[in-house]
Amino acid sequence: MGAAVAKVPSTPALRWLRANNVDHQVHVYPYVERGGTKASAAAFNVDEHVIIKTLIFEDNAKQPLIVLMHGDREVSTKALARAIGVRSVAPCAPATAQKHSGYRVGGTSPFAPKKSMPVYVQDGVTALPEVYVNGGARGVLVSLDPSVFVDALAAVTVDVAR
């Protein structure tokens, strides 16, 4: 008997990547509750720096936005607010993030969110040759060239890591 092959779910993110002819590879791993990017980096034996978190924030006017950040870094909300020209920003509560994105927390992808949101990507992410980002479900990552963030998502580069 061969090893069991994990079933890849059909998600809006994966359908969007295929529809837009984005070269990518799907990776499935056993999701670890509260394991974050450390667990996914360990599952694929890659540096946590190349695992890119998809974070949903709201500005002071309650307008949602996406931030793509290295797995081993945090977002400075003060720097983010300054960079995008608003008074303040805060991470969304899980239920609010799910409402905006359409994805469960732990499975949030920047591709094909339910609500159209501006996308901001940490400076340096697009300089990496390959990154891993959520494919729209817990335990599903896609590896791809990070230039797709700027090219296909019209992401704006910001320096908001702390």
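The values are calculated or read from the model by the stated rules, or taken from the named source; none is laboratory data. Computed from a predicted structure; not experimentally measured. Cβ placement follows ideal geometry from the backbone for every residue including glycine, while neighbour counts extend to all protein chains displayed.
If you go through the range 54-102 and keep only what is touching a residue at least 60 places away in the same chain (Cβ under 8 Å) and not β-branched (Val, Ile, Thr), you end up with 68, 69, 70, 73, 74, 76, 79, 80, 83, 102.
Looking at residue 37, is it among the hydroxyl-bearing types (Ser, Thr, Tyr), in a strand (DSSP E or B) and either over 18 Å from residue 157 (Cα atoms) or touching a strand residue (DSSP E or B) at 6+ places or on another chain (Cβ under 9 Å) (or both)? Please lay out each step first, then the result.
Details: among the hydroxyl-bearing types (Ser, Thr, Tyr): yes; in a strand (DSSP E or B): no; either over 18 Å from residue 157 (Cα atoms) or touching a strand residue (DSSP E or B) at 6+ places or on another chain (Cβ under 9 Å) (or both): yes.
Answer is no for this residue.
Matching residues to (1) crowded, with 18+ Cβ neighbours inside 10 Å; (2) under 15 Å from the mean Cα position of the chain (by Cα):
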{"position": "28", "(1), (2)": "no, no"}
{"position": "31", "(1), (2)": "no, no"}
{"position": "58", "(1), (2)": "yes, no"}
{"position": "62", "(1), (2)": "no, no"}
{"position": "69", "(1), (2)": "yes, yes"}
{"position": "77", "(1), (2)": "no, no"}
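Going through (1) assigned to a loop (DSSP other than H, G, I, E, B); (2) farther than 14 Å from residue 67 by Cα; (3) modelled with pLDDT of 95 or more one by one, residue 111 falls short only on (2).
The numbered conditions (1) at pLDDT below 95; (2) among the charged types (D, E, K, R); (3) assigned to a strand (DSSP E or B) are all true for residue 151 except (3). Residues in the range 100-134 that are charged (D, E, K, R) and touching a Pro at 6+ places or on another chain (Cβ under 9 Å): 104, 114, 115, 130.
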